[in-house]
Amino acid sequence: MAREWEQARALCCSCLLLCPVQFLHPRPYIMAEEVESATSNALGEFDRWRQCAFRIFVGTPSLERLQEISAKNKQEWFELKSRLTDRAANANTVGALVVGATAAFLTTSPPTHFVEWDGVLTYCFLGAAVGFGLLSILSGFGLLVFLNAMGPEDLERAKDSRFKFAILIMLLTMPLTLLFVAVTCTAVAWDVAVWAGGTLWIKVVATCGSLLFIFIVFVIIAAHY
């Protein structure tokens, strides 16, 4: 019995020696393929989010497309500059409205008695809204100045230098980003003031408004994704 067991074990060992390595250890190859697939999917998602951000803030899917328009199609280039200029001007207008409205809440007595407008947290968010609104107006003014003088050579320099590319992207995205933060702070201040009060139906309305705000932001992002 022991002799037969030794013969069977020797036969199994010889079979294992003759088997290819990939059949004995298939997992490393599978893991390599999984890692490569996951990396490719992550890069694809990142590229789609990058194109989404460019469409929202710049109006083109990439800086290369913006440079191509500036070099080959003058009419489309001037139309794109006009759209960017109008967008920056509109952002400045909305930013000024946000600053004016929130500053009025900060400097006057609470308009109602059933909402806690004079709470510390509410004032913090209203103050943040004023600050981000002012920064949005300042960056929008700088963007307007840049757009009036921007040419194809500026895009070429941005393509060749990572520093100039980062500065250009920041300048193009700051007005809308800061304005969005200012509006978000205002909305949060409203919610905090309402939920600090004692009126139930106002809390329900404020919650529905907040959900609608989140839904609108989701729709805007999904439309450009």
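Data overview
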item	result
Computed label-point distance, nm, for sites ILE216 and ILE169 using a 7 Å Cα→Cβ extension	2.8
Stokes-Einstein diffusion coefficient of the range 79-121, Kirkwood radius over Cα pairs, 4 °C, 1.567 mPa s, in µm²/s	102
Ellipsoid equivalent to the range 122-189 - semi-axes via the Cα gyration tensor, in Å	30, 11, 7
Tail beyond 21 Å, pair distance distribution of the range 95-225 (Cα, percent)	54
Accessible surface of the range 83-225, 1.4 Å probe, proportion on carbon and sulfur as whole %	76
The range 75-138 - accessible surface per residue (Å², probe 1.4 Å)	56
Whole-number accessible area per residue in Å² for the range 148-199, which is evaluated in the context of all protein chains at 1.4 Å	55
Calculated FRET value between TYR123 and SER161, using beta carbons and R₀ = 41 Å, to 0.05	0.45
Distance-filtered residues of the range 191-205 - backbone nitrogen under 17 Å, label point 7 angstrom along ALA103 Cα→Cβ	none
Dipole axis of the range 55-148 (+1 Lys, Arg; -1 Asp, Glu on Cβ), positive-most option in PHE146, ASN92, GLY131	PHE146
Proximal lysines to LYS72, defined as alpha-carbon separation beneath 29 angstrom and excluding residues fewer than eight positions away on the same chain	LYS81, LYS159, LYS164
Mean shadow area of the range 75-153 over all directions, Cα convex hull, nm²	6.5
Cα-based Kirkwood hydrodynamic radius, the range 150-211, one decimal, Å	14.6
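The values are calculated or read from the model by the stated rules, or taken from the named source; none is laboratory data. Not measured: the values here are computed from a predicted model. Here Cβ is always computed from backbone atoms with ideal geometry, including for glycine, and neighbour counts include all displayed protein chains. The protein model used for the area step is the full one, side chains on, heavy atoms only, and it has no ligands, DNA or RNA in it. Shrake-Rupley method; radii C 1.70, N 1.55, O 1.52, S 1.80 Å.
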